[in-house]
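A short worksheet on the structure shown next.
The values are calculated or read from the model by the stated rules, or taken from the named source; none is laboratory data. Since we're looking at a predicted model, the values are computed, not measured. FYI the Cβ positions are ideal-geometry reconstructions off the backbone, even for glycines, and counts take in every protein chain you see.
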Amino acid sequence: MANVRYLSATRVFSKGAPPAVDALDLDVKDGEFMVLVGPSGSGKTTALRMLAGLEPIDRGGVEIGERDVTQVPPKDRDIAMVFQNYALYPQKTVAENMGFALKMQHVPRADRDRRVREAARLLDLDEKLLDRKPKQLSGGQRQRVAMGRAIVREPKVFLMDEPLSNLDAKLRVQTRSQIAELQRRLGVTTVYVTHDQVEAMTMGHRVAVLREGRLQQCDTPRQLYDNPVNQFVAGFIGSPAMNLQTVPLTDGGVQLGGTTFPLPAAAGAAAKQAGLKELVIGIRPEHLHLADGSGELRGEVLLVEELGADALLHVRLAGAGDPVVARAEGRRPPAQGQGVTFHVQTDDVFAFHPVTGARLAG
Amino acid sequence: MTVVEDLAVPPRTEVLPRGMGRRERWLRRLPLLPALIYVVVVTQIPFVVTLWYSFQNYFWDQPGGAHFTGLSNYKTVFTSPTFRGSLVRSVVMTVTAVIVAMILGVALAVLLDRKFFGRGVARTLVITPFLVMPAAAALVWAGPMLDPNFGLLNYLLAPFGVHHVAWLSTHALGSVIVVMIWQWTPFMTLIVLAGLQSQPTETLEAAKVDGAGALATFRELTLPHLRPYIELGILLGSIYLVNVFDAVRLMTNGGPGTSTTNLPFYLYQEVNNAFDVGGAAAAGVVTVILTIIVASFALRMFARVFQFEEARA
Amino acid sequence: MTSTTARPGPRRVPRWVGNVGWAVLAWAVALAFFTPVLWMAITAFKPESAAETWPPQFIFKPTLAEFRLAITGMGPFLVHSIIATVGSTVLVLLLGVPAAYALSVYPVRAWRDGLFFFISTKMLPIVAVIGPLYVIALHAHLLDSLGLLIILYTAMNLPLAIWMIRSFMLEVPNELLEAARLDGAGRVREMGSVILPVISPGLVSTALICMIFAWNELFLALNLTVTNAATMPMFLISSVPQEGLYIAHLSAAALIASIPVIIIGWLAQRSLVRGLSMGAIK
């Protein structure tokens, strides 16, 4: 049980190339479930591997439990890792796979078997499977063996590298909650890597958003959703993605949807201070409320995606610009080609600097 | 290449539907026929003739041609100490060479598996013994390398107290085996190297995280993974090494005495020196029968290599 | 709270020491294996007087005299070797590709038996039938002819070639074949336009290995040829005189005889490696 700290950790793959992980500063509390999320190439897997000791740290360092482990080999860091493709030992049985680390630690056989059996029970793995080889298992079973191998070790930190990405959608949803529940029960500090922001939002106590090797924001899922620190985070978190558009700035506000739309006070002040002529506006699909003709924003429906409970409307707003997506009631959505209006609360509007992407606020 | 050791994976055979046309079945066999017929004709016909001659009394240098003599040739063969000796020697030479070559092969493969400066060139150097003409290798080892008076080996070993050893006289069998090993280790190395490079890196990383040091990883993970490759190397290597002729003929001519005579050389001598076609034929038939017996054991192991091969598909 | 430095601290043993040590060990072993070849090459350039000395000379005045001696009369042997090698390899490919195809893409129910049979012919030593083989060749007027060598070398290499080519064919993705079949390719077309191009590197590897074995073959050449079809290995043997100094001469002849295969093996190393490891190492 320990906390994890990245201290300006940097990894450069080849001289002269931009760093894969750039001066990452991250504090994971003891017992916390921290998710590293970002698009491919964001450095999240590299950062995880740096913590594991599988990737050397070129600058900076990493600590586990207040101890500097930057030069310590993986086996001495007291960590356990679940790999994306499970990395099960093909010639060993499930029981041997799970007990391998204990065998390396010279744990006596009886203890080993007991701990393996306990872990199997915890993960709902049938005893019969313990003598099978990985090839004879289904994908979901293999994933659980990989988790079992990690749990059995009772390490200080769990590391997980996209463990759900090889499962089909339904199994993924199921296993997601099982992993979260398991972590709650065991209370072990966990660092979890994924590219799927839904996993990040639902599983993590806190989420660290990475892009091109740099940490964008580390916060609770709620905070990331309500207070994104820049355009990238705003657009990355939330599904469907926030609508982002570059709009000209005027005295009364911004030009959008055929009308001049007022900005929140803090954002407006910041924009004026920066002397901007235009900026990027962000509005989440769920904040575009369909109004019967009385809304401020006008547009025409291009496409309706019916999801059952909701419908997603692709709308071209008056006054040019890219189409926006709005969420509407599923029961009787507008038809394609219909003219619609939307109402938006001023506080639901985010403003971002057009060049830096930073959020404009007080 | 991903190696899937799952023996339950079905091969890439299409299940032929019932009542598939006879024509279709024949068409599928057709491309195989030329090679099949060719090999049968070229290898089996001589064997049949050999069988026939084995029952004949036929000496090249005697007038009168061949005449039937029953099993007397076989009696000669079974009671000939030279034949039995050459059989034993063949086994000793082959087994020793294969095992040592494989052990060295594994060691070399491990060395070459890790990146280091000039690895490509090092690999080229290691492969070269396999490329050298066996006749050339035999002659070069016999002369410039092992000669008691001016050979390189005696020079290199002089600081260790070795003085002008006549290797081909006192250690003839060992010398021949050394040359066999020298020429076939590269072959084993390459096959094992293929195995090493096909090991998924993720599994090795998991072992690192699980606390396995280099030796433990090799023992617990790598060796089991290499098993089919090692078996393949041993199988193919044995097939070629059991028939080694050049080194024996050119280094020691089977001697001193008969101390390096293996089966191929023995048969060669029977034909060329004794002009005894009948006797040589009988010896040949016995050799073939013995080979079949050994081969059926080998083919059982081979079947496992086979499943490995087809699961690759 | 421990102080944290912004740079990694010193390791117990710097990483580069391990790498250098490994490289030194690997190079030492590689050179040890290569030494006999190197020695052969060096000795080939020695004048005979410098070749049989104690201690062996490493510094000497190199000369091409032995090469010149060695080359005299080599012409016919060289030509015979080339014809026998190339001829048998071509025949191997012509027979082997369809056979490998039948055993891999459209497997016959008894395919495994077929492959077993081919490999088993390799296990039966050709030496066992050399006597009667001689007699047959004599009666068929094939003794001391290149045709005989081509026939026999083909039979010698065919099993391995079929195994290797089949191995490469198995790697052709099924989807490729299915797409071709959907596009209406008949079997021959499927073979020609889809499979052959994809496995052509594998075919090159197979051809290389067959050529190596054919070029280096001694036993059959020794017993079944005299002058009209004598190959390079025979030439090499003939350069060992019954008496007199001969070491440098021998080395020169050995070098010349081996050089073609060595050079080809070096240049096409990747191909060779791929073939020997059945397509596993690219």
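Residues of the range B:72-86 that are among the hydrophobic types (A, V, I, L, M, F, W, C) and within 17 Å of B:ASN57 (Cα to Cα): B:VAL77, B:PHE78. Within the range A:48-79, the set of residues being at the interface with another protein chain (Cβ under 7 Å from one of its Cβ atoms) and closer than 27 Å to A:PRO134 by Cβ comprises A:ALA52, A:LEU54, A:PRO74, A:LYS75, A:ILE79.
Would the range A:152-168 turn up any residue that is more than 24 Å from A:MET50 (Cβ to Cβ) and not in a loop (DSSP other than H, G, I, E, B)? So far as the range A:152-168 goes, no, none of its residues is more than 24 Å from A:MET50 (Cβ to Cβ) and not in a loop (DSSP other than H, G, I, E, B). Look at (1) acidic (Asp, Glu); (2) touching a residue at least 12 places away in the same chain (Cβ under 8 Å); (3) away from chain B (no Cβ under 14 Å) and you find that A:ASP161 fails only one, number (3). A:VAL301 falls short on exactly one of the conditions (1) surrounded by 15 or more Cβ atoms within 10 Å (Cβ to Cβ); (2) hydrophobic (A, V, I, L, M, F, W, C); (3) within 26 Å of the chain's Cα centre (by Cα), and that condition is (3).
Taken together, the criteria exclude A:VAL28 from residues that are among the β-branched types (Val, Ile, Thr), without any contact (Cβ under 8 Å) to a residue 24 or more places away in the chain and surrounded by 18 or more Cβ atoms within 10 Å (Cβ to Cβ). Only one entry of C:LEU224, C:LEU236, C:LEU245, C:LEU255 meets the criterion of being more than 21 Å from the chain's Cα centre (by Cα) and at pLDDT 85 or above, and that entry is C:LEU224. Restricting attention to the range A:272-294, the residues that are surrounded by 14 or more Cβ atoms within 10 Å (Cβ to Cβ) and in a loop (DSSP other than H, G, I, E, B) total 4. Screening B:VAL77, B:VAL49, B:VAL41 for residues that are surrounded by 13 or more Cβ atoms within 10 Å (Cβ to Cβ), within 13 Å of chain C (Cβ to nearest Cβ) and farther than 30 Å from B:GLY257 by Cα leaves exactly one candidate, B:VAL49. In the range B:290-301, which residues are at the interface with another protein chain (Cβ under 10 Å from one of its Cβ atoms) and without any contact (Cβ under 8 Å) to a residue 60 or more places away in the chain? Selection gives B:THR291, B:ILE292, B:VAL294, B:ALA295, B:SER296, B:LEU299.
Being under 20 Å from A:ASP161 (Cα atoms) and among the small types (Gly, Ala, Ser) holds for only one residue in A:ALA110, A:ALA80, A:ALA120, and it is A:ALA80.
Each row is one residue, and each column tells you yes or no for (1) more than 23 Å from B:ILE99 (Cα to Cα); (2) at pLDDT 85 or above; (3) out of contact with any helix residue (DSSP H, G or I) (no Cβ under 7 Å at 6 or more places or on another chain).
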| position | (1), (2), (3) |
| --- | --- |
| B:GLY151 | yes, no, no |
| B:TYR155 | yes, no, yes |
| B:MET180 | no, yes, no |
| B:PRO186 | no, yes, no |
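Tallying residues that are out of contact with any His (no Cβ under 7 Å at 6 or more places or on another chain) and not in a strand (DSSP E or B) within the range A:295-315 yields 3. When C:ILE83 is tested against (1) facing chain B (nearest Cβ under 10 Å); (2) surrounded by fewer than 19 Cβ atoms within 10 Å (Cβ to Cβ), only condition (1) is not met.
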